[in-house]
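Here, each number is a calculation from the coordinates, and none is a lab measurement. Remember, predicted model here, so these are calculated numbers, not experimental data. Reconstructed Cβ throughout: ideal geometry from the backbone, glycine too, with neighbour counts over all protein chains shown.
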Amino acid sequence: MANLDIDALYEKVLNELKMGKRPLLNLSIDELIELAMAWEELIEKKETEKLLPILCILDHTKSSHADLHAPLIKTLQESNHNDILVFTLSASLKVVIEECERQGKRIPFDFIKSLETPLNSNHPEVLEWSLRVVDALGHQSIILKELILQKKPGILSVFNQHKKNSRQIIEYLEKRWQGKAI
């Protein structure tokens, strides 16, 4: 097994971002499994606030591994830290959705169901990111239709950018679900 230095890799990503570059890490399967194990360990210790380096690394890696799905789902279901939820949702686009697309597989139902928790968040940014992930589900987004329609922000949403974005995403999803041209 690789002996991955998560902190050094995180620093590398941050330095490249500071220089205006878009880092794309090429991690081995062993390194991805090691990240998954470190993630699981932080969840077990109830230290999810320390997940930022792992989530940042995953958001900037070219590949994924199925071992990352379980800790990602657990974090979505159990974390009440808004920033961690936003970063987990962002990482899920690569870790789950892009990887499933690459492999030609359906998005796992347990991942889709795990989105219910952040969709029920009262935090506007968490809701917006949850909806962005739901939108990336494509036709499978209909599984969450009932919940999403309940979350549609009212007309005063124009005064908060996250609520405004959430409203627009929900309107887009409604058109998709009705089979209207988008």
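Brief remarks on what is shown
- The angle separating the long axis of helix 82-92 from the principal Cα axis of greatest extent in the chain is about 80 degrees.
- In plain terms, if you count all Cα to Cα distances in the stretch 1-88 and split them into 5 Å steps from zero, the share in each step is 2, 15, 26, 26, 19, 10, 2, 0 percent.
- Each stretch of four or more DSSP H residues adds -39500 (n - 2.57); spread over every residue of the chain, this sum gives -17500 deg cm²/dmol at 222 nm.
- Cα point-scatterer Debye curve for the chain, base-10 log of I(q)/I(0) at q = 0.16 Å⁻¹: -1.00
- Against the chain, whose longest principal axis is taken from its Cα atoms, helix 69-78 shows a tilt of about 60°.
- Cut-off 14 Å between beta-carbons: net charge of the residues surrounding Leu115, Lys and Arg +1, Asp and Glu -1: -1
- Once the Cα-Cα distance is subtracted from the 0.36 nm per residue extended length, the Arg102 to Leu14 segment shows a gain of 29.0 nm.
- Summed residue charge, Cβ within 14 Å of Glu99's Cβ, Lys/Arg positive, Asp/Glu negative: +1
- Sites Asn160 and Asn80 - FRET efficiency at Förster radius 30 Å, r taken between beta-carbons, to 0.05: 0.90
- Placing unit charges on each Cβ (+1 for Lys and Arg, -1 for Asp and Glu) gives the chain a dipole about its Cα centre, and among Gly20, Ile97, Trp177 the Cα reaching farthest toward its positive end belongs to Trp177.
- Lys21-Ala66 pseudo-label distance in nm [points 7 Å out on the Cα-to-Cβ vector]: 3.4
- Here the scattering of the stretch 63-134 is modelled by Debye summation over its C-alpha atoms, one equal scatterer each and no solvent; at q = 0.13, 0.15 Å⁻¹ the log10 of I(q)/I(0) is -0.32, -0.42.
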